[in-house]
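Undergrad: Shown below is the structure under consideration.
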Amino acid sequence: MVWNRRIAYVDLSTRKVVQSDIPKTMRQLYLGGRGIDMYLLYNHVKPKVDPLSSENTLFIGIGLLGGIPCLGASRCDIAARSPLTGAVGDSNIGGFFGPELRFAGFDHLVITGKSKEPAYIWVQDREIEVKDATHLWGKDTIETQTVIRQDHGDDDVKSLVIGVAGENMVRFANVRTGLKNSAGRTGMGCVMGSKNLKAVAARGTMDLEFAKPERLLDYCKEMNDMIIGTRWAKAQSRWGTMIIFSNTNTTGLIRTKNFQLNRLEDGRDLEPENIDRYSIGTSGCYGCIVHCRHRYVLEEGPYAPIFAEGPEYTSLGAFGTMVNCKKMETILVANHLVNKYGIDTLETGGLIAWAMELYEKGIINDKMTGGLKLNWGNEEAVFELIRQIAAREGFGNVLANGFRDAIAKIGNNSAYYAIQVKGMSNLHSDERPTPSFALGIATSTRGSDHLRSRPAVDMYGLPEEVLQELYEGPVSSDYTSYDGKSRMIWWQELLYAVTDSIGTCKFQTVFCAVHAPKWNEFSKLIQYATDMRFTKTQLMQIGERIYTLERMFNLREGFTRKDDRLPERYFKEPTPIGFPIAKGKTIDREKFEAMLDEYYSLHGWNKNGVPTKKTLTKLGLNKEPTHLI
Amino acid sequence: MRKFLFLDPEKCTGCRICETACSLHHEKVCNPARARVHIAKWETSGLYIPVVCLHCETPICEEVCPVRAIKRDAKTGAVVIDYDLCVGCRLCVLYCPFAGAGIDTVTGKILKCDLCDGDPVCVRFCDPRALQYVKSSRANMMKMRKAAEKFSELMQKLLTP
């Protein structure tokens, strides 16, 4: 059972490894994955630690249900103090690494110190070793994985790796596995680079035992039927997250030219159907029947031949609408490049779009860009900037530390044009017509982010009775309304915190479908797998505990209510185009503040966003840090 | 009419849910290393090929088994191992050209698909239908249609000026 999966403490400075059991109490309080990682982050990282110093600690953890055959139970969580934001650093990754680590006997790794020479961590059936990675340094993310496999003479080795961007400590460098899977956000690859840690590789053949295996098997099948029975999952299994584009672009919910327009005119080539020209089929993460990405081939063009996987909806925005590039091929090339170098697609696109607007406004010029013509739609400039950022060359180096540092370097009102929260780029979605989404990016504990809370069901205009039943309180079915949207965000934050802690995929819970598996289904899965019993209320409380602990970490690092903000342009500039429902919209400052008040009170935090004593006691957080593990 | 495991690698998405479900059903644990089906993957070129016992009409494993422990199940048509007779010599593993038999990493016994008594769990879990369990007539027609599709594409290319 999961009880014999261990936690290992790996000190890269001394190469010493200590293993221990994970107490059942930890499971009851935090489940696993993100939950336990957040506990470790709060307990092991001292306040105000420099994220790039050897004192920052990297945590890797697989969810409690990792490895079971349903709901994409492959998800692995990577955490540290973020070098991009200074807040909670936390990123989730699918693929095959998480389960492999579990089959190798470990659920959590705590990586401290710094290696003198490039190193990688090798995990195999209960044994851990720090190995030399000099021969891997400088290699891209794909080649690194191939060489590790060759070194061990085993094609089934799975690795988390960084690319050259991580080695160069680009602050939004990501961690990658397989061709496409990325722990993209908050710069966890940068933390690996700062520790001279090129990879963590695993190979496992150990049994994962369960409390009620027969019932678990049948229930897994039921869960898969439940999720694939939703139209959303069916559409996703055909076109991936790109399917969202068809709807949002037509309506006028997509940032275009950084933040100037909210729809890409003539954007037909970016419609998801066009991936068929390049696709040889889809590809799934471990145990996932939704398989939301394409395997694609580019046979022509200066970067050809390319074989890669993706792209996500995110990349359609990052290298399409936001920079005004209108060709699918541009997206496919850029997606391949960022993945190869190991930088976050979203942050990279957000920064390049911002730079293009600054170039247009004359805030930066050819001299600053080193001759790069940052005109809208210049795909060559996009490709070159991706390379420069990863290599920390020229103007790319100005952007490589993220928004905060680049704003400081450029000055001259450039901050106004930066579409970011807490130092992290917004997704390309335009949240001005959707107050729920806007609140979600403002309150997210890891900086601007849609995956902490996005209630995509808000877009459906569902009957209010349905929403009332789901969110257990009044919620308006109009997505432009502010009513009940605090409740929506609060509820989704708890649900996603639990989803990330059991290690299933967020797309396979209430993301785009109300009748997708959630609390009660999670509860049954946990029961059949582990014999632990949780009611819906108890699971929600675990979600609250995790989210509040993240909040406590951020408060400790100096983040307050004033950081739960939106870029000024959300309040000042109305959306210029789109369907009537999306046009002419700004976020109302007063209503936004009122939403924030209500949101804090739902969490049990005071007006300043500080958890009250009562809340801390109720959640058992009043004595943190408790150093149980 | 007997049913067959029908493999369609073009539909496989490489998720390996078949492996996990197989080990959970047979061994009551999740452990792809102990599954009777495996997806051989060439990740960097996007090739995913299911590998499993094909339940041959003239099974080589049956021929080489020195203790005649390999037989055909009359009901399902599966080529199965009688573990009371099996001595674990692994000649079946050695000689099967399709890697249809393997070695259990824990018990050392032979691991081989038994078609789950006529309701293969891997098939139940394979949503893209890369693994199907169908009557031979259906299997034939599926192959023919696929071949015809390719031929039709070719014809259209030739006929388009």
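The values are calculated or read from the model by the stated rules, or taken from the named source; none is laboratory data. Note that the coordinates shown come from a computational prediction; the quantities given were computed from them, not determined experimentally. All Cβ positions, even for glycine, are placed from backbone atoms using ideal geometry, and neighbour counts span all protein chains on display.
Undergrad: In segment B:81-112, which residues are farther than 19 Å from B:SER23 by Cα and among the hydroxyl-bearing types (Ser, Thr, Tyr)?
TA: Answer for segment B:81-112, where residues must be farther than 19 Å from B:SER23 by Cα and among the hydroxyl-bearing types (Ser, Thr, Tyr): just B:TYR95.
Undergrad: Restricting the first residue to segment A:606-626 and requiring it to be closer than 12 Å to A:ARG551 by Cα and in the same structural domain as A:PHE553 (by TED's automatic domain parsing), which pairs with a second residue that is outside any loop (DSSP other than H, G, I, E, B) and among the basic types (Lys, Arg) meet a Cβ separation below 6 Å and a spacing of at least six or different chains?
TA: Qualifying pairs under 6 Å: A:ASN608/A:ARG561; A:GLY609/A:ARG561.
Here's the yes/no breakdown for (1) basic (Lys, Arg); (2) under 12 Å from A:GLU598 (Cβ atoms); (3) at pLDDT 95 or above:
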| position | (1), (2), (3) |
| --- | --- |
| A:ALA456 | no, no, no |
| A:GLY461 | no, no, no |
| A:LEU470 | no, no, yes |
| A:PRO474 | no, yes, yes |
| A:SER477 | no, no, yes |
| A:THR480 | no, no, yes |
| A:SER486 | no, yes, yes |
| A:LEU494 | no, no, yes |
| A:ALA497 | no, no, yes |
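Undergrad: Can I ask one more? Here are some conditions: (1) among the basic types (Lys, Arg); (2) more than 14 Å from chain A (Cβ to nearest Cβ); (3) in contact with a strand residue (DSSP E or B) (Cβ under 8 Å, 6 or more places away or on another chain). B:LYS75 meets all but one. Which one does it not meet?
TA: Of the numbered conditions (1) among the basic types (Lys, Arg); (2) more than 14 Å from chain A (Cβ to nearest Cβ); (3) in contact with a strand residue (DSSP E or B) (Cβ under 8 Å, 6 or more places away or on another chain), the odd one out for B:LYS75 is (3).
Undergrad: Taking the condition within 14 Å of another protein chain (Cβ to nearest Cβ), more than 21 Å from A:GLY184 (Cβ to Cβ), over 17 Å from the mean Cα position of the chain (by Cα) and surrounded by fewer than 24 Cβ atoms within 10 Å (Cβ to Cβ), does A:ASN43 pass?
TA: no
Undergrad: Moving on. Go through segment A:530-558 and give me each residue that's in contact with a strand residue (DSSP E or B) (Cβ under 6 Å, 6 or more places away or on another chain) and among the hydroxyl-bearing types (Ser, Thr, Tyr).
TA: The one that is in contact with a strand residue (DSSP E or B) (Cβ under 6 Å, 6 or more places away or on another chain) and among the hydroxyl-bearing types (Ser, Thr, Tyr): A:THR548.
Undergrad: Taking the condition of being out of contact with any Leu (no Cβ under 7 Å at 6 or more places or on another chain) and within 14 Å of another protein chain (Cβ to nearest Cβ), how many residues in segment A:300-318 meet it?
TA: 2
Undergrad: Hey, another quick one. Could you tell me which of the residues A:SER246, A:SER237 is within 14 Å of chain B (Cβ to nearest Cβ), surrounded by fewer than 24 Cβ atoms within 10 Å (Cβ to Cβ) and touching a residue at least 12 places away in the same chain (Cβ under 8 Å)?
TA: Matching residue, one of A:SER246, A:SER237: A:SER237.
Undergrad: Residue check: is B:ILE81 in contact (Cβ under 8 Å) with a residue 12 or more places away in the chain, within 14 Å of another protein chain (Cβ to nearest Cβ), among the aliphatic types (A, V, I, L, M) and farther than 30 Å from A:GLY281 by Cβ?
TA: Answer is no for this residue.
Undergrad: Could you give me the residue pairs with C-beta distances under 6 Å whose first residue belongs to segment A:135-160 and is closer than 16 Å to A:PRO118 by Cα and away from every other protein chain (no Cβ under 12 Å), whose second residue is in a helix (DSSP H, G or I) and among the hydroxyl-bearing types (Ser, Thr, Tyr) wherever it lies, and which are 6+ apart or on separate chains?
TA: Hits for this filter: A:LEU136/A:THR144.
Undergrad: While we're here: From A:TYR547, A:TYR600, grab the single residue that is hydroxyl-bearing (Ser, Thr, Tyr), touching an Asp or Glu at 6+ places or on another chain (Cβ under 6 Å) and modelled with pLDDT of 95 or more.
TA: The conditions single out A:TYR547.
Undergrad: Looking at A:PRO567, A:PRO580, A:PRO625, A:PRO576, can you tell me which residue is assigned to a loop (DSSP other than H, G, I, E, B), surrounded by fewer than 18 Cβ atoms within 10 Å (Cβ to Cβ) and under 26 Å from the mean Cα position of the chain (by Cα)?
TA: After ruling out the rest, the residue left standing is A:PRO625.
Undergrad: On to the next question. Can you list the helices (runs of 4 or more DSSP H) lying wholly within segment B:65-161 that have 2 or more residues being surrounded by fewer than 17 Cβ atoms within 10 Å (Cβ to Cβ) and not basic (Lys, Arg)?
TA: B:91-95, B:136-159
Undergrad: Can you pull out the residues in segment A:274-299 that are more than 10 Å from chain B (Cβ to nearest Cβ), in contact with a helix residue (DSSP H, G or I) (Cβ under 7 Å, 6 or more places away or on another chain) and not in a loop (DSSP other than H, G, I, E, B)?
TA: Listed by number, the residues that qualify are A:ASN274, A:ILE275, A:LEU298.
Undergrad: While we're on this one: If I ask for residues that are within 14 Å of the chain's Cα centre (by Cα) and either among the basic types (Lys, Arg) or within 14 Å of chain A (Cβ to nearest Cβ) (or both), which ones from segment B:47-71 would you list?
TA: B:TYR48, B:ILE49, B:PRO50, B:VAL51
Undergrad: For segment A:98-211, which strands (runs of 3 or more DSSP E) that fit wholly inside it have 1 or more residues that are over 27 Å from A:SER444 (Cα atoms)?
TA: A:106-112, A:119-124, A:127-132, A:158-161, A:197-203
Undergrad: Looking at B:CYS61, B:CYS53, B:CYS15, which is the one that is part of a helix (DSSP H, G or I) and at pLDDT 95 or above?
TA: Answer to the check: B:CYS61.
Undergrad: Quickly run through segment B:112-143 and pick out the residues that are within 14 Å of another protein chain (Cβ to nearest Cβ) and touching a strand residue (DSSP E or B) at 6+ places or on another chain (Cβ under 7 Å).
TA: Residues satisfying the conditions are B:PRO120, B:CYS122, B:VAL123, B:ALA130, B:LEU131.
Undergrad: Can you name the residue in segment A:201-228 that is facing chain B (nearest Cβ under 7 Å) and of a type in the set (Asp, Glu) and is also surrounded by the most Cβ atoms within 10 Å (Cβ to Cβ) among such residues?
TA: Checking each candidate, the answer is A:ASP207.
Undergrad: Consider segment A:585-606. How many of its residues are in a loop (DSSP other than H, G, I, E, B) and out of contact with any Leu (no Cβ under 9 Å at 6 or more places or on another chain)?
TA: Total meeting the criteria: 4.
Undergrad: Here are some residues: A:GLY342, A:GLY370, A:GLY350. Which one is at pLDDT 95 or above, of a type in the set (Gly, Ala, Ser) and either out of contact with any strand residue (DSSP E or B) (no Cβ under 7 Å at 6 or more places or on another chain) or assigned by TED's automatic domain parsing to the domain that holds A:GLY193 (or both)?
TA: A:GLY370
Undergrad: Given the condition basic (Lys, Arg) and over 30 Å from A:THR256 (Cβ atoms), answer yes or no: does some residue in segment A:604-611 qualify?
TA: yes
Undergrad: Only one of (1) within 14 Å of chain A (Cβ to nearest Cβ); (2) in contact (Cβ under 8 Å) with a residue 40 or more places away in the chain is not met by B:THR44, so which one is it?
TA: (2)
Undergrad: Sort out which residues of segment A:382-411 are in a helix (DSSP H, G or I), surrounded by fewer than 19 Cβ atoms within 10 Å (Cβ to Cβ) and of a type in the set (Gly, Ala, Ser), and write them in order of number.
TA: Across segment A:382-411, the qualifying residues are A:ALA391, A:GLY394, A:ALA408.
Undergrad: Tell me, which residue of segment A:96-108 that is at the interface with chain B (Cβ under 10 Å from one of its Cβ atoms) and touching a strand residue (DSSP E or B) at 6+ places or on another chain (Cβ under 6 Å) is farthest from A:THR560 (Cα to Cα)?
TA: A:GLU100
Undergrad: Okay, moving on. Being surrounded by 24 or more Cβ atoms within 10 Å (Cβ to Cβ) and within 7 Å of another protein chain (Cβ to nearest Cβ) is the filter here; which residues of segment B:1-30 pass it?
TA: Passing the criteria: B:THR13, B:GLY14, B:CYS15, B:ARG16, B:ILE17, B:THR20, B:ALA21, B:LEU24, B:CYS30.
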